[in-house]
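Below is one structure, written out as structure tokens, with a few remarks after it.
The values are calculated or read from the model by the stated rules, or taken from the named source; none is laboratory data. What you see is a predicted model, and the numbers here were worked out from it, not measured in a lab. Cβ placement follows ideal geometry from the backbone for every residue including glycine, while neighbour counts extend to all protein chains displayed. Ligands, DNA and RNA are stripped out before the accessible areas are found, and what is left, the full protein with its side chains, is counted by its heavy atoms. Shrake-Rupley method; radii C 1.70, N 1.55, O 1.52, S 1.80 Å.
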Amino acid sequence: MSGGARAETAEGPPAAPAVGVPGGRGRARETRRYGRLRPGDRVAVIAPSGPAEPARLEAGCAALRGLGLDAVVGKHAFDRVNLGAPGPVRDDWHRLAGSDADRAADLQDAWCDPRVRAVVCARGGYGATRVLDHLDWDALAAAADVAEPKILHGSSDITALHAAFGTRLGVTTSFGPMPAGALAEPEPDGATLAALRAALFGGPVVLPGTRALRPGRAEGPVTGGTLSLLTALLGTPYAPPPAEGRIVFLEDVTEAPYRVDRMLVQLLQAGWFDGAAGVALGSWRDCGDPAELESVFAARLGPLGVPVLAGVPAGHGPRQLTLELGAPAVLTVSPRDPHPAVPEPGALTLEAPPGGAR
């Protein structure tokens, strides 16, 4: 197995039980940072949620190969089944990339294969939560019990896997653009590719914001992901631990402001935000009136009394920078000023791993 920088323990608060988990099941372990990649490393591209379009996935894999990686596609990435009982596939129904057991097998086989250095999810959609019960967590933990844990990369629906892997395996994971998504564009955004390279191969990652909702400075490991998936995990054995001492990153797509409000209220009432160090808000594409949405953020998150930075280019937007969930970070948010001398409202900066860029 080829390697990158040595895994580093990400500093953070003591382990806490996942919200709503009976008996404290699914307690967070001490978090170890994933090993960085080197040119020539093999990455397995799988589809734990929706099926990938062959042409788009090939374009995205070409982008990964352009980074110097050996990208191989999982067995069931192009399978198509309906949500319900087995039967003829209907194109007007939602489809998954194979049965729950098949999608789980692709994920588990890739994670446990010593030749694979990263598991890259082809796309989101829906279905990752259904995979969780079909995974052999003891086998996954054994494969992660190495000096340089491999990378799990993806975003959107893959938030379910990020939360479960972070809590159960104690490893950082990579939240960013996917091969059948942003990486499949004819001309992928340059900043998107540069941030992905830095996150996978090593180097500092800086995500600038556009609006300061509450000024201040915070330090702590990054948690969060796509809001609707975080709320869907509450009360399950795979829920992420509370955000105490952590910087929360949130984003979503096609959710009306009232639905965003409802999900934030659910997390607040569950105590998930208690003790959070700060909040970074990513893209909210097609989420209704931006002014109404921002008023929701101010009303729900302002009373936390922590720094809040909006407009971070990560999530479902045209520019999708990559975050290492679980890694130590610093959030800086400048005071709002109608005539700022420096027009930078703030940034979320993730610490580079030991050894620098590869």
With eigenvalues of the C-alpha gyration tensor scaled by 5 and rooted, segment 150-197, Å:
24, 11, 7
Probe 1.4 Å, accessible area per residue of segment 100-142, Å²
37
Let me check against my output: what whole-number percent is the relative contact order of the chain, with C-alpha pairs under 8 Å and at least 6 apart?
22
All other residues with a Cβ under 15 Å from the Cβ of residue 253 taken together, and with Lys, Arg as +1 and Asp, Glu as -1, what is their net charge?
-1
Alpha-carbon centroid distance for the pair segment 152-218 / segment 230-309, whole angstrom:
17
Quick one: length gained pulling residue 292 to residue 146 fully straight, 0.36 nm per residue minus the C-alpha distance?
47.9 nm
With everything on Cα atoms, drop me the angle between helix 100-112 and the longest principal axis of the chain, reported from 0 to 90° to the nearest 10.
90
Fraction in percent of alpha-carbon pairs per bin - 10 Å, the chain
6, 26, 37, 24, 7, 1, 0
Counting Lys and Arg as +1 and Asp and Glu as -1, each charge on the Cβ, what is the dipole of segment 176-220 about the Cα centre in debye, to the nearest 20?
300
Roughly to the nearest percent, how much of the accessible area of segment 110-160 is carbon and sulfur, given a 1.4 Å probe?
46
Per the 1/(1 + (r/R0)^6) rule, R0 = 25 Å and r from the Cβ atoms of residue 136 and residue 72, FRET efficiency to 0.05 is 0.70
If you average 1/r over all unlike Cα pairs in segment 237-319 and invert the result, what Kirkwood radius do you get in angstrom?
13.1
Carbon + sulfur, % of accessible area of segment 203-253 - ligands and nucleic acids excluded, 1.4 Å
54
Probe 1.4 Å, accessible area per residue of segment 28-81, Å²
40
